[in-house]
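Input: a single structure, listed below in structure tokens.
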Amino acid sequence: MTIAPSDSILIIDFGSQVTQLIARRVREAGVYSEIAPFNSAEDAFKRMQPKGVILSGGPASVCDADSPRAPQIVFDSGLPVLGICYGQQVMMAQLGGKVQPGHEAGGGGEFGRAFLEVQKPCPLYDGIWQPGEKHQVWMSHGDKVTALADGFEVVATSEGAPYAVIADTARHYYATQFHMEVVHTPDGAKLLSNFVHQVCGLAGDWTMAEFRATKIAEIREQVGDGRVICGLSGGVDSSVAAILIHEAIGDQLTCVFVDHGLLRLNEREQVERLFRDHYNIPLIVVDAEARFMAGLAGVSDPEKKRKFIGGEFIDVFEEEAKKLGGADFLAQGTLYPDVIESVSFTGGPSVTIKSHHNVGGLPERMNMKLVEPLRELFKDEVRDLGRELGLNDQFVGRHPFPGPGLAIRIPGEVDKARCDILRKADAIYLEEIRNAGLYDAIWQAFAVLLPVRTVGVMGDARTYDSVCGLRAVTSTDGMTADVYPFDAAFLSRVATRIVNEVEGINRVVYDYTSKPPGTIEWE
Ligand code: XMP
């Protein structure tokens, strides 16, 4: 169970692609917020006891009989409510207004950039917009409100949406046809900030220090005097989770780091130094390189590699947990985007959890419960929490690294010799990126080792060695990515160093493919 801070906002999700952005904007305004799918929103409301509610957009049409609604408790509570797009239509449908499909309401929907005209002052844009002004907003709707519920008035209009912003100031109800959570509504973040501060009256003093204190209390309550085991990957999420849990329950926590031989150069030593020496956290390091390499021999299909590594990882972890005499809880660095239930209108809500870093299946097999203290946080909030816990910027800013490690950066068959070659090339590349001050501008950068040999000449001798590919992309979430445009001098410096310093590589190429159509990793 989550203990929500006393001042919070509940966001009811009707399935919009951008609901997470509402949560982000509210948190950026210093107010804690959580998203709950519409069909479990009543429970969330009772648990959180929020100070205001936001109804998200969504793909359904309120004109359809079985379309989703907000729980009545929201309107009975007397709390401020903000409806966005579908949220506006839901408010009208439930409070006595009228919504019609766009084509019946005299025109198709409105999609993309639009300009609204401010008609009257409104607490939602107090101090931001004045009557008579025009402002850019982002619309995306088919249906339209055609009659207002009692108590509401129109305060801003647009060409395609005569009810662009409506307000019932007596009841503190506001609703917009446009999406204020996206960057294409340039003042959108300010409007959301006005809603939580001015309309809901919240102070905006939610900080990572408060989150840390709340979570520590929550972990202590959940774990009691039980034992917790945590798998460290060397990445930011599991590290922050482990440090936070250790702060809460001390040596009731044991961390396990499995060295599968597919790590970057010196990674294992860095983890040991940080956890064992710096934070004094009980840490077991398992040297499992030999068994992973044995299992990978002869395997060249990318999915087979992933399957083997995932399965073997669970086996190793389970053995270690047994050696410890078992544990009551398994700690994981699961993040908010991994657990938000995405609303589906056919089969009910579905939960998507990335299984990459998780020891999937293990909790059930060993009868362990989960401790997931980062479940409510976004990636950059985890970084903030990491800093709050004393991790340095270099550590919290680390690029993501895939669970299967170097195995998916060596197309074809993987062995220790090839991993060693790749580790050296990758370390040179990253060192040059750091020296050039480019590391933080890049989402992910790494080298790959191709199963191709080409001819070269070094000194007077002919060489016949492997090709190394370099990859660097910018991205915000890994779903799409652009190539990082290094200058030619940088790339030739890296290429020269790799060929000179890494035996086994005699040619370096730069990958110029964006995602889509490429992927970030090569396998
Ligand atoms: P792709 O290659 O699909 O990668 O564009 C998107 C992001 O996901 C990471 N990735 C993985 N992470 N296990 C992981 O833990 C995997 O099997 C895996 N495959 C890709 C990749 O590094 C990038 O950040």
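Values quoted throughout were computed directly from the atomic coordinates according to the rules given, and no laboratory measurement underlies them. What you see is a predicted model, and the numbers here were worked out from it, not measured in a lab. So basically every Cβ, Gly included, is an ideal-geometry build from the backbone, and we count neighbours across all protein chains shown.
Taking GluC sites (Glu not before Pro) across segment 57-139, the ones in a DSSP loop with at most 14 further Cβ atoms lying within 10 angstrom of their Cβ are 104, 133. Each peptide in 268-276, 381-389 receives the mean, over its residues, of other Cβ atoms within 10 Å, and ordering these scores from highest gives 381-389, 268-276.
Hydrodynamic analysis of segment 213-396 uses the Kirkwood radius over alpha carbon pairs. Inserted into Stokes-Einstein at 4 °C and 1.567 mPa s, it gives a translational diffusion coefficient of 75 µm²/s. Between residue 431 and residue 150, the C-beta separation translates, for a Förster distance of 51 Å, into a calculated FRET efficiency of about 0.15. Summarising the label geometry, the points placed 7 Å from Cα in the beta-carbon direction at residue 17 and residue 438 lie 3.1 nm from one another. Semi-axes of the chain's equivalent ellipsoid from the Cα gyration tensor, sqrt of 5 times each eigenvalue, largest first, rounded to whole Å? That gives 48, 29, 20 Å for the three semi-axes.
Here the peptides 309-321, 477-489 are ranked by packing, the mean other Cβ count within 10 Å, and the order with the highest first is 309-321, 477-489. Rg and Dmax, both from the Cα atoms of segment 423-523 and both in Å, are 14.0, 47. For the Cα atoms of the chain, what angle does the longest principal axis make with the long axis of helix 488-501, in degrees from 0 to 90, nearest 10? Compared with the principal axis, the helix lies near 30 degrees.
Compute the Rg to Rh ratio over segment 65-201 from the alpha carbon atoms, using the Kirkwood formula for Rh, and round to two decimal places.
0.93
Note on residue 77 and residue 319: the extension gain reaches 81.9 nm, defined as 0.36 nm multiplied by sequence separation minus the Cα-Cα distance. Our helix-only sum for the chain, with -39,500 (n - 2.57) per DSSP H run of n ≥ 4 divided by its residues, gives a mean residue ellipticity at 222 nm of -9000 deg cm²/dmol.
Pairs 305/424; 305/416; 134/190; 304/416: which exceed 20 Å Cα-Cα? Table pairs above 20 Å Cα-Cα are 305/424.
Here the simple spin-label model places points 7 Å from the Cα toward Cβ, and for residue 393 and residue 511 these points are separated by 2.8 nm.
Specify the angular offset, from 0 to 90 degrees and rounded to the nearest 10, of the alpha carbon long axis of helix 208-223 from the longest principal axis of the alpha carbons in the chain. Between the helix axis and the principal axis of the chain, the angle is about 80 degrees.
The separation of segment 400-479 from segment 145-208, counted between C-alpha centres, amounts to 49 Å.
Peptide packing: for 134-140, 8-14, the average count of neighbouring Cβ atoms within 10 Å per residue gives the ranking 8-14, 134-140, highest mean first. Extending 7 Å from the Cα toward the beta-carbon at both residue 417 and residue 480 defines two label points whose distance is 4.4 nm.
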